[in-house]
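Okay, so here's the structure we're looking at.
Coordinate-derived values only; no laboratory data. Because the structure is a prediction, the values reported are computed rather than measured. Neighbour counts run over all protein chains shown; Cβ positions are idealised from the backbone, glycine included.
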Amino acid sequence: MKDFASALLARRAKSLYRRRLVLEGPTAPESSLDGRTVLQFCSNDYLGLANHPRVVEAFAAAARHYGVGAGASHLVTGHRTAHHALEEELAVLVDRPRALLFSSGYMANLGVVGALFGRHDQVYEDRLNHASLLDAARYAGVPLTRYTHADPAALEACLMRTKHKHGDQLVISDGVFSMEGDLAPLSGLASVAQRHGAWLMVDDAHGIGVLGEGRGTLAHCGLGIREVPILVGTLGKALGTAGAFVAGDETLIETLIQEARTYVFTTATPPAVAEATRVALRVSAEESWRREHLHVLVTHLRTELAALGLPLLPSITPIQPLIVGTAAKALAVSEALLARDILVTAIRPPTVPEGTARLRITLTAAHTLAQVDRLIEALAQIDACSL
Ligand SMILES: Cc1ncc(COP(=O)(O)O)c(C=O)c1O
């Protein structure tokens, strides 16, 4: 019999025990935690839309119209006008013929890889890809090779080593790396993929809404469907709602509708979420000041922390990680911040590689410059040695 209790104790001893915080109130820079107000820098609500009055109202109005649950999967009776309209708008956003909604980014990634590739094919992934992308290859039973982070030459070497193999080759990368905040070298990856006749799939969970005037990392890099035929985006981060989409050509989307098990065998998301997302898309397009303000906050944080000798990983995105080292240190710094009513969660192995435990600081358009200054002051006050 497996001894789960001992495994939990061992995890606790290594400072790797995961715990949930119970927050009260809406997603916003200030939250209520155990009866006190904390200023948080951990959400992926980069544009500050999760609690935007227009988005909230769209959700409430749509719930009155559609009710709450979709009642069935998309292929039975769950697919409503709201879902359909959102798919069309997402396709326009990322300049592709079609888009298909999934209930989450995790399910989209599993669905795409499982539907299109199998054990005779080969997947190549950036070492630091999101867990859902690594799991997608594993669950689909596709042989997986991991290449050095953000290194097209390393990818090419891997492709060369396996070129004698039969089947299709699929390269997958995050657009913006979720725990690093840096961008994938997409032009380089696309050239390598093209040279080797490999598919390229980009998961732009953290780029949609933020980069390329809201259109994502591909727009930022000037790449389109020709270079990157499979694009995944999520809706629960910058767009502030929930769910995900895959965008591509007609054949890709029709194949997913037939074959993607995480699409076929699950209840459609509530139509009200789709309506709220449609309004979030509109707000994102109309209120470009949100991206400009984010940029100001990012630059300010980076300049001030560098002056304090606390270098952040290189990143132009709202994800600004401060590497601390061991899991225990990361927890200690996070707790020291919490003692000052500032919440930044510690990210530890196995989510990030051993020895690179970090504070994953995220900024949102809902933060003020004064709030970012509070974080900077708190980090300055904490004993630098503990960092
Ligand atoms: C790169 C990446 N892909 C996919 C996901 C999963 O998306 P979702 O939270 O919608 O399941 C995440 C976030 O958790 C992510 O960071």
For this session: Calculate the all-directions average of the projected area of segment 124-224's alpha-carbon convex hull, and give it in nm².
Result: 6.0
Exercise. Among Y124, Y46, Y139, which one shows the biggest mean-square fluctuation in a GNM of the chain, springs joining Cα atoms closer than 10 Å?
Worked result: Y139
Problem set entry | Convex hull of segment 180-279 built on C-alpha atoms - directionally averaged projected area, nm² | 7.4
Problem set entry | DSSP beta bridge pairing in segment 53-285, given as percent antiparallel to the nearest 5 | 40
Exercise. Around V113, with a cut-off of 15 angstrom between Cβ atoms, what is the net charge of the other residues, counting Lys and Arg +1 and Asp and Glu -1?
Worked result: -4
Exercise. Got a sec? How would F117, F59, F4 order by Cβ neighbour count within 10 Å, fewest to most?
Worked result: F4, F59, F117
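Going by how many other Cβ atoms sit within 10 Å of their own, how do R358, R146, R278 line up, fewest first? Don't skip to the end; give the middle numbers.
On the way: R358 25, R146 16, R278 20.
Fewest-to-most ranking of R358, R146, R278: R146, R278, R358.
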Seminar exercise, completed: Taking a straight Cα-to-Cα line shorter than 29 Å from K14, and setting aside same-chain lysines fewer than 8 residues away, one finds K2, K329
Seminar exercise, completed: Per DSSP, the loop-located trypsin sites (Lys or Arg not before Pro) within segment 152-188 having at most 13 other beta carbons within 10 Å are K163, K165
Problem set entry | For q = 0.09 Å⁻¹, Debye-computed log10 I/I(0) when each Cα of segment 53-285 counts as one equal scatterer | -0.35
